[in-house]
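Enquirer: Sharing a structure with you now.
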Amino acid sequence: MSVFNHPTLDALDALGPLFRDVGHRMESDPSDWAPLWDHELLRAITLMEVPEPWNPLPNCGGFFGPDPMVYGLQIAVAERIARHDAGCILALPTPTMSGFAVRVLGNAQQVETYFSRYTAPKPGRSFFAITEPSVGSDATAGRSVLRDTPRGRRLDVEKKFIGGAAQADFGLIFARDERSNSHKMVMADADFIAGLQIERLRHHGLAGADLTQITAQDIDVPDELVLGHGLQRGLRDGFYAMNSVFERYRPVVATLAIGGARGLIDCMAELGLNDSLLEPLRIRHMVFLGRLEQIAMSYDRGTQKVHETSCLKLDAVSFLDEVVATVFRHIPSQDIFAHPDLLKRCRDAKSYEYMEGTSNIHLLQAFRSYVAASA
């Protein structure tokens with residue numbers, strides 16, 4: 001059975017009204033996601049990647065059966081929620097990028113510091129600060145730097161398009177380390193975050209991402225806040241941790257776009273658009289699910305290929321753009337403006353460039369798929 005046909009996914013469809021309600025509320029207040037956390041199934045999904053002993057609902061609380069949650073099933077969950085509101089996935093305090101980096105590179109104390117937050121009644125969000133305003137996603141060209149001074153190690157940081165920092169009680173900041181001439185991840189706990197200047201950015205879609213800009217100068221960084229401090233990891237520095245995170249979560253952007261496209265298709269059907277226009281889009285959606293499942297299976301086997309995932313991301317976002325174009329081509333304007341949910345879906349659909357780098361990066365990587373296929 002395909003992971004996209006798992007019976008528990010129907011329970012997520014039943015929560016569609018909740019997702020849409022919270023999604024609209026977050027456009028006014030990005031921190032207004034508590035109703036999602038209060039639902040046991042959604043709380044279990046939020047904790048999906050929290051290891052024991054800090055996970056009060058291990059193995060997703062058993063909602064998806066006794067077997068361990070494979071990566072493909074995690075992707076299927078994200079796709080199904082995205083049909084209703086992708087911003088809800090981004091708003092939940094899941095470990096995702098920061099948690100994975102801590103598990104890849106952190107020492108035992110740092111792992112406990114990060115994941116013990118999930119034993120609280122409601123954890124704060126965490127952030128993963130890579131992108132900078134002057135160089136975009138070219139992290140190695142960034143100006144954030146960890147310096148050695150007579151007063152100890154100090155951090156200058158300038159980051160932009162960072163999700164959730166205004167709500168966070170933990171974060172990771174990628175910076176060039178002058179001491180080792182490499183890159184490090186600096187851990188930011190609640191006290192550290194209090195010393196940062198965090199500005200919410202205005203954006204018109206995917207409000208649950210709660211994008212921010214982070215700046216600070218001359219912040220004290222004790223050695224124990226450097227991720228992996230005290231461990232002999234060879235070449236495993238902050239750059240290795242960053243790449244490991246992007247490897248793991250690169251399919252998610254495509255997943256949210258594919259789910260968002262299906263949600264728009266279903267919305268157009270509810271408005272009575274001719275099925276002859278929608279059926280080809282539904283078929284293409286099913287083809288995308290097949291491609292997504294193949295890539296997810298390769299991640300479970302450890303045989304993933306970055307260029308294939310990048311190719312899927314480009315194709316998925318392009319497909320979502322085509323579905324949006326169908327809305328404005330075939331739905332009368334008075335009907336579009338009479339349905340706030342449809343307008344919000346279209347706004348969200350145009351926001352994926354904020355997520356995990358730019359299309360140019362994926363285009364360069366996806367070109368390898370073309371070369372390999374042509375060889």
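The values are calculated or read from the model by the stated rules, or taken from the named source; none is laboratory data. All values reported here derive from a predicted model rather than from experimental measurement. Using ideal geometry, Cβ is built from the backbone for each residue, glycine included, and neighbour counts are taken over all protein chains shown. These accessible areas exclude ligands, DNA and RNA; they are computed on the full protein's heavy atoms, side chains included. Shrake-Rupley method; radii C 1.70, N 1.55, O 1.52, S 1.80 Å.
Enquirer: Taking θ = phi - 60°, what integer Hz values does the Karplus form 6.51 cos²θ - 1.76 cosθ + 1.60 yield along segment 176-188, in sequence order, with x for Gly and Pro?
Expert: After applying 6.51 cos²θ - 1.76 cosθ + 1.60, I find 6, 9, 5, 5, 9, 6, 9, 10, 10, 9, 9, 7, 10 Hz.
Enquirer: Could you give the nm distance between label points at Ala11 and Thr215, where each point is 7 Å from its Cα heading toward the beta carbon?
Expert: 4.7 nm
Enquirer: Same structure again: How much length is gained on full extension from Arg329 to Val111, taking 0.36 nm per residue of separation minus their Cα-Cα distance?
Expert: Result: 73.4 nm gained on full extension.
Enquirer: Would you mind getting the Kirkwood hydrodynamic radius of the chain from its Cα pairs, rounded to one decimal in Å?
Expert: Value: 21.5 Å, from the Cα pair sum.
Enquirer: Here is a follow-up. Taking 0.36 nm per residue of separation and subtracting the Cα-Cα distance, what length does fully extending Asp148 through His39 add?
Expert: Between Asp148 and His39, full extension yields 34.6 nm more.
Enquirer: Further, regarding this structure: Taking only C-alpha pairs under 8 Å that are 6+ residues apart, what is the relative contact order of segment 1-132 in percent?
Expert: It rounds to 28 percent for segment 1-132.
Enquirer: Here is a further query. Pop out the carbon and sulfur fraction of the accessible area of segment 284-356 as a percent, whole number, probe 1.4 Å.
Expert: 56 percent
Enquirer: Same structure, new question: Enumerate the helices in the chain for which the Kyte-Doolittle hydropathy averages -0.5 or more and the C-alpha atoms extend at least 27 Å along the helix's axis, using complete DSSP H runs.
Expert: Length and hydropathy pass: 238-270, 275-301, 306-330.
Enquirer: Let me ask something else. Answer rounded, prolate or oblate for segment 1-65, using the Cα gyration tensor with square roots of eigenvalues a ≥ b ≥ c: rounded when a/c is under 1.5, else prolate when a/b is larger than b/c, else oblate.
Expert: oblate
Enquirer: In cubic angstrom, how much convex hull volume per residue do the alpha carbon atoms of segment 126-244 span?
Expert: In segment 126-244, the Cα convex hull volume per residue is 105 Å³.
Enquirer: Trypsin sites (Lys or Arg not before Pro), restricted to segment 180-260: which are DSSP loop and have at most 11 other Cβ atoms within 10 Å?
Expert: Sites meeting the loop and neighbour criteria: Arg202.
Enquirer: Please give the FRET efficiency for Gln232 paired with Gln294, using the beta carbon to beta carbon distance and R0 = 35 Å, rounded to the nearest 0.05.
Expert: 0.40
Enquirer: Further question on the same structure: Per-residue ellipticity at 222 nm for the chain, helices alone: DSSP H runs ≥ 4 residues times -39500 (n - 2.57), over residue total, nearest 500 deg cm²/dmol?
Expert: -16500 deg cm²/dmol
Enquirer: When only C-alpha pairs under 8 Å and at least 6 residues apart count, what is the relative contact order of the chain, in percent?
Expert: Reported relative contact order: 17 percent.
Enquirer: In addition: At 1.4 Å probe size, with every protein chain present, just tell me what the per residue accessible area of segment 90-202 comes to in Å².
Expert: 41 Å²
Enquirer: Less than 30 Å apart at the alpha-carbon level, and either on another chain or at least 8 residues along: which lysines does that give for Lys350?
Expert: Qualifying lysines at Cα under 30 Å: Lys159, Lys160, Lys305, Lys313.
Enquirer: Next question, about the same structure. In percent, how large is the relative contact order of segment 168-275, given Cα pairs closer than 8 Å and 6 or more residues apart?
Expert: Value for segment 168-275: 22 percent.
Enquirer: How about Lys122: which aspartates and glutamates have a C-alpha closer than 12 Å to its C-alpha, ignoring those fewer than 8 places off in the same chain?
Expert: Partners within reach: Asp38, Asp169.
Enquirer: Using a 1.4 angstrom probe with every protein chain in place, what is the largest-first accessible-area order of Ile81, Ile89?
Expert: So, going from the largest accessible area down, we get Ile89, Ile81.
Enquirer: A further question follows. So, R0 is 25 Å and r is the distance between the beta-carbons of Arg282 and Asp321; what FRET efficiency does that work out to, to 0.05?
Expert: Step by step, r from the Cβ atoms, then E = 0.90.
Enquirer: Sticking with this one: May I ask you to order 99-107, 186-194 by the average number of other C-beta atoms within 10 Å around their residues, highest value first?
Expert: 99-107, 186-194
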